[in-house]
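What follows is one structure encoded as structure tokens, with my remarks underneath.
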Amino acid sequence: MQNDFMTNTVDGNLGLVGRRRFMGWISAAACGAMFSVREAKAGLFYSTRPVEGIPQSWVDAKGLDVLRYANYIKGLKLKNMSPHTVLYPHFKTRGRVRNSIPPRYMWRNISATLRVIDALASRMRARPKPLVSVYRSPTYNRAVRGRTQSQHLYNRAVDVQFYGVSAYTVSSVARKMRAEGTFKGGVGRYSSFTHVDTRGTNADW
């Protein structure tokens, strides 16, 4: 009887362990599936094909997400900006602090603002220079003394200059476009560049 008791106890424990393992595998598979969907939406499966104008040194420095993000930008089919123009400020440094490309879940945040800049360029018939600032990592934002709630932290803002057009003119045209209903967001005029964001509410400075 003692042997039967021990056998039943061991079998019962093995059965319990087996069920726990099975449930663990099911949970892991479900989490993995959810993670995969989330990552797919966030850009994990964007192409890593080379993009014209994106130097290999950028990829070497920050990995294949550089190409994924560049291919995402390319997919927006902007008429007046290349992926290089957009990604350029993500490789800036201030002192010893380096900026970075945005987290994948923020990639789509910039599309509306880039389309505003693209439309702005078409209206003024002027080409944008490599962008001054787009996304800023929190550490880089502090290094450049950006605002603590800056839209750059959320990948919704662009600081832009145009060849042959003053910042005064750019900000005036941007505000006119906003008044026409092209977008809702902030327009900030600085001495050498213009800030545009698509935060959803209007702001001026």
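The values are calculated or read from the model by the stated rules, or taken from the named source; none is laboratory data. Just so it is clear, the structure is predicted and the values come from calculations on it, not from any experiment. All Cβ positions, even for glycine, are placed from backbone atoms using ideal geometry, and neighbour counts span all protein chains on display.
Observations
- Restricted to region 157-172, and to residues there that are within 25 Å of the chain's Cα centre (by Cα) and part of a helix (DSSP H, G or I), the residue that is surrounded by the most Cβ atoms within 10 Å (Cβ to Cβ) is 170.
- Only one entry in 101, 117 is surrounded by 15 or more Cβ atoms within 10 Å (Cβ to Cβ) and part of a helix (DSSP H, G or I), namely 117.
- Single condition residue 148 does not satisfy, out of (1) buried (at least 17 other Cβ atoms within 10 Å of the Cβ); (2) in a loop (DSSP other than H, G, I, E, B): (1)
- Residue match in region 125-139 (condition: surrounded by 17 or more Cβ atoms within 10 Å (Cβ to Cβ) and assigned to a helix (DSSP H, G or I)): no
- Flag for residue 87 being in a helix (DSSP H, G or I) and either farther than 19 Å from residue 53 by Cβ or modelled with pLDDT of 95 or more (or both): yes
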